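Take a look at the structure set out below.
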Amino acid sequence: MIEHSTVQSFVDQFSEIKSRLPGEQLDWLTPLRDLGIARFGQLGMPTTRLETWKYTKLQPFDDTAFKPVSEIIRENQPQQSSSIFPEDADVFRLVFSNGYLDGALSNVRELPAGLTVQTLAQAMDSNPEWLQAKLCREHNGESEALVALNAAMMESGYVIHVAQGAKIEKPVEVIFMGGITSKPVAHHPRNLVVLEEGSEVTLVKNNIGFGVGPYLSNTVTDIEIADGAKLRHYKVQAETLEAVHLSTINVEIGADSLYEYFGLSIGGRLSRTEISAHLNGSGGHCSINGSYLMRGSEHCDYTTVIEHHVPDTTCSEVFKGVLDDDSRGVFQGKIIVHKDAQRTDGRQLSKALLLSNKAEMDAKPELEIYADDVKCAHGATTGQLDETSLFYLRSRGIPEAQARNLLIQSFLGEALEQVSDEKIRSLLMDRIFDWLPAQCYRADEWTSE
Amino acid sequence: MLEIKNLHASIGGKEILRGINLTVNAGEIHAIMGPNGSGKSTLSYIIAGRDGYDVTEGEILLDGKDLTALAPEDRAAEGVFLGFQYPVEIPGVPNTTFLKEALNSIRRHNGEDELDAMQFVKMVRQKTKELGISDDMLKRAVNVGFSGGEKKRNEILQMAVLNPRLAILDETDSGLDIDALKIVAEGVNKLRSPDRATLVITHYQRLLDHIVPDHVHVLAHGKIRRSGGKELAMELEAKGYAEFDEAAA
């Protein structure tokens, strides 16, 4: 019973470390943690018997006893922060190393008025009542077990608050460095992003792995975007070949507000990002997009559920994946239009490019519509590089490897175009460029001319 | 310059070319005409090295070097250029990136220094000026949203930049109205060079009013059935390809 032992291992760990977890002084937190571990014990790890976990199997990792990190690990730790920004870029930055804040690499000094950037532990100290209301919110759905485990074990994470009307120009970057040790470690960050009315911020989250050992991150992020607020949320996932990356994101979107997400996954033995977005106010828009580039036996799963609860809301989704070798991609995208959500406009597109005969893609687009005046479109395709296009480029003298690279860049373009911040789009292109197997000119090299 | 000797080729076991012999000297333009399905496009693809065709016999020599075993990119580096009947659209890849990658790949292959961004832009702008092509076309993604005429002009621009020894123009007239055809033909004529051999593949004579060939060949059922001067094209226009029916062949 492998499955049992994993669950038990986490339950045992919890009793061992609970006294060392932050917020022990908070009378509401201990029951929350206890409830979390009890619920996790009941549910166990998600299995492929669950509908939304059908294509992503966690079991192969069950025999690894991921241990919680009890202190900051400096083994193999890189000196630089692995930012996606150039060294001299002017950004606010929080850096976590296996879940622990690395103050030396962070920069959250001189924050502008209206912006608060803290770790979870700092927020527990400075604003416990406010935090209680946010953390005690229920998470349902088939990944409830992961959220419950996170609730029990959450040791750190970031808390970002943007006050009413504050428009923050500089991006906030949060870097999670994983691995760094050969021991199998786990961390369970809990993140919270709250934008008050009319505020704006750009958040860049960068998960990057080091070292050779397996590690697990089980992240839960709660996002609240009040009326008229705008959040641009970009994520780079560049974990190691031994990493298990699980991320559950819940977003509440108010009236006339915007949630823009782009996830770029370029590494990780097994990764799953599950986004659940709720459009709760008229005029709200969410744009959830991503690209995943996988090779070896990597597995990448994007599962999204967008719910339109009220009239006049819109959503769009563009996901593009490139799968080489034995890698596997999963896209499950559900758009739910509730009964009152008239005049919803929803668009969803998933395309995957298989570079190898052994790569596999599972795409499951779903529309659930209960209103009658609705525009919704979805499409999913999986294919190979177009042979005629490849010949066209090669017939101009471009070697096959470079020709393939150009076509891959071309393929991904449609997803990257969704990133409204041009500078960040270009930085994401840098990472894609690093992934590509051969050198070639960047497709976007000349566009700024 | 180009010598095709007894070229036999098949697709999936079906013989398409049944012993082509053709010599095109530097400075000459040869037209290959023929009915649909005669193997004209196959011949152009096989010279350029497209996958999926088996050359079962014969040779394709460019300046004495056999191309048949080379990859398409290596043939391009040796000086082969194929202007496509249906140029491919490549969203997100600007024309300049494409042209620079192509030109520098060929230069690398031939042991020449790559052009840097400045040198390249200067060179390309000179070519667009000579051909009367708007620089706007350089910034746009390769062939995306181009009209039929623009796509063909883009082929001519690529040819001007890559400066091939052998240019093959496959059904360049297809999909063009007469004005676009004139513009494209004018581009081809501007690129006429004593150092270049050109092969124009076409079903119709009308293109040859504008690109005047030195020799005309009729390809039917995988073989060259007749060769002659430009008057042969006129004759075909009047009489059609009936005499080259399987029975006649």
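Among the residues of the stretch B:74-85, how many are surrounded by fewer than 23 Cβ atoms within 10 Å (Cβ to Cβ), more than 8 Å from chain A (Cβ to nearest Cβ) and not polar (S, T, N, Q)?
Qualifying residue count, the stretch B:74-85: 2.
Take A:ARG396 and tell me if it is within 20 Å of A:VAL236 (Cα to Cα), without any contact (Cβ under 8 Å) to a residue 40 or more places away in the chain and not β-branched (Val, Ile, Thr).
So A:ARG396 does not fit the description; no.
If you check B:PRO35, B:PRO91, which single one turns out to be assigned to a loop (DSSP other than H, G, I, E, B) and either modelled with pLDDT under 95 or farther than 20 Å from B:GLU155 by Cα (or both)?
B:PRO35
Given the options A:ASP227, A:ASP256, name the one that is without any contact (Cβ under 8 Å) to a residue 40 or more places away in the chain, over 30 Å from A:ALA65 (Cβ atoms) and not in a strand (DSSP E or B).
A:ASP256
Quick check, is B:GLY145 within 20 Å of B:LEU43 (Cα to Cα) and over 14 Å from the mean Cα position of the chain (by Cα)?
no
How many residues are over 21 Å from A:GLN122 (Cα atoms) and either free of Cβ contacts under 8 Å to residues at least 24 places away in the same chain or touching an Asp or Glu at 6+ places or on another chain (Cβ under 6 Å) (or both) when one looks only at the stretch A:191-201?
Going through the stretch A:191-201 one residue at a time, the tally reaches 1.
Can you work out which of the residues in the stretch A:373-383 that are exposed (fewer than 15 other Cβ atoms within 10 Å of the Cβ) and modelled with pLDDT under 95 is farthest from A:HIS285 (Cα to Cα)?
A:GLY379
Assess whether B:ARG196 counts as being modelled with pLDDT of 90 or more and not aliphatic (A, V, I, L, M).
Answer is yes for this residue.
Specify which of the listed residues (A:LEU353, A:LEU428, A:LEU406, A:LEU390) is closer than 30 Å to B:SER41 by Cβ, within 14 Å of chain B (Cβ to nearest Cβ), at pLDDT 95 or above and not in a strand (DSSP E or B).
So the residue among A:LEU353, A:LEU428, A:LEU406, A:LEU390 that is closer than 30 Å to B:SER41 by Cβ, within 14 Å of chain B (Cβ to nearest Cβ), at pLDDT 95 or above and not in a strand (DSSP E or B) is A:LEU390.
Restricting attention to the stretch B:95-142, report how many residues are crowded, with 17+ Cβ neighbours inside 10 Å, without any contact (Cβ under 8 Å) to a residue 40 or more places away in the chain, within 9 Å of chain A (Cβ to nearest Cβ) and under 23 Å from the mean Cα position of the chain (by Cα).
Summing the residues that are crowded, with 17+ Cβ neighbours inside 10 Å, without any contact (Cβ under 8 Å) to a residue 40 or more places away in the chain, within 9 Å of chain A (Cβ to nearest Cβ) and under 23 Å from the mean Cα position of the chain (by Cα) in the stretch B:95-142 gives 5.
Can you pull out the residues in the stretch A:287-319 that are farther than 22 Å from A:ALA243 by Cβ and surrounded by fewer than 24 Cβ atoms within 10 Å (Cβ to Cβ)?
A:SER287, A:VAL305, A:GLU307, A:HIS309, A:VAL310, A:PRO311, A:ASP312, A:THR314, A:SER316, A:VAL318
Do you know which of the residues in the stretch B:42-73 that are of a type in the set (Gly, Ala, Ser), surrounded by fewer than 20 Cβ atoms within 10 Å (Cβ to Cβ) and within 14 Å of chain A (Cβ to nearest Cβ) is farthest from A:TYR392 (Cα to Cα)?
B:GLY52
Quick one: is A:LYS364 within 14 Å of chain B (Cβ to nearest Cβ), outside any helix (DSSP H, G or I) and either among the polar types (S, T, N, Q) or in contact (Cβ under 8 Å) with a residue 12 or more places away in the chain (or both)?
no
Hey, among B:GLY92, B:GLY83, which residue is more than 17 Å from the chain's Cα centre (by Cα) and not basic (Lys, Arg)?
Unique residue meeting the criteria: B:GLY92.
For A:SER356, are the conditions met, namely being of a type outside the set (A, V, I, L, M), over 30 Å from B:GLU78 (Cβ atoms) and loosely packed, with under 15 Cβ neighbours inside 10 Å?
Yes, satisfied.
Each row is one residue, and each column tells you yes or no for (1) within 12 Å of B:MET33 (Cα to Cα); (2) surrounded by fewer than 14 Cβ atoms within 10 Å (Cβ to Cβ).
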{"residue": "B:ASP209", "(1), (2)": "no, no"}
{"residue": "B:PRO213", "(1), (2)": "yes, no"}
{"residue": "B:VAL218", "(1), (2)": "yes, no"}
{"residue": "B:ILE224", "(1), (2)": "yes, no"}
{"residue": "B:LYS230", "(1), (2)": "yes, no"}
{"residue": "B:ALA233", "(1), (2)": "yes, no"}
{"residue": "B:LEU236", "(1), (2)": "yes, no"}
{"residue": "B:LYS239", "(1), (2)": "no, yes"}
{"residue": "B:ASP245", "(1), (2)": "no, yes"}
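I'd like the full set of residues that are within 24 Å of B:ASN110 (Cβ to Cβ), in contact with a helix residue (DSSP H, G or I) (Cβ under 8 Å, 6 or more places away or on another chain) and of a type outside the set (Asp, Glu), limited to the stretch B:72-95.
Within the stretch B:72-95, B:PRO72, B:ARG75, B:ALA76, B:ALA77, B:VAL80, B:PHE81, B:LEU82, B:GLY83, B:PHE84, B:VAL93, B:ASN95 qualify.
Considering (1) more than 13 Å from chain A (Cβ to nearest Cβ); (2) under 21 Å from the mean Cα position of the chain (by Cα), say which one B:PRO164 fails and leave the rest.
(1)
The values are calculated or read from the model by the stated rules, or taken from the named source; none is laboratory data. All values derive from a computational prediction rather than experimental measurement. Backbone-built Cβ (ideal geometry, glycine too); neighbour counts: all protein chains shown.
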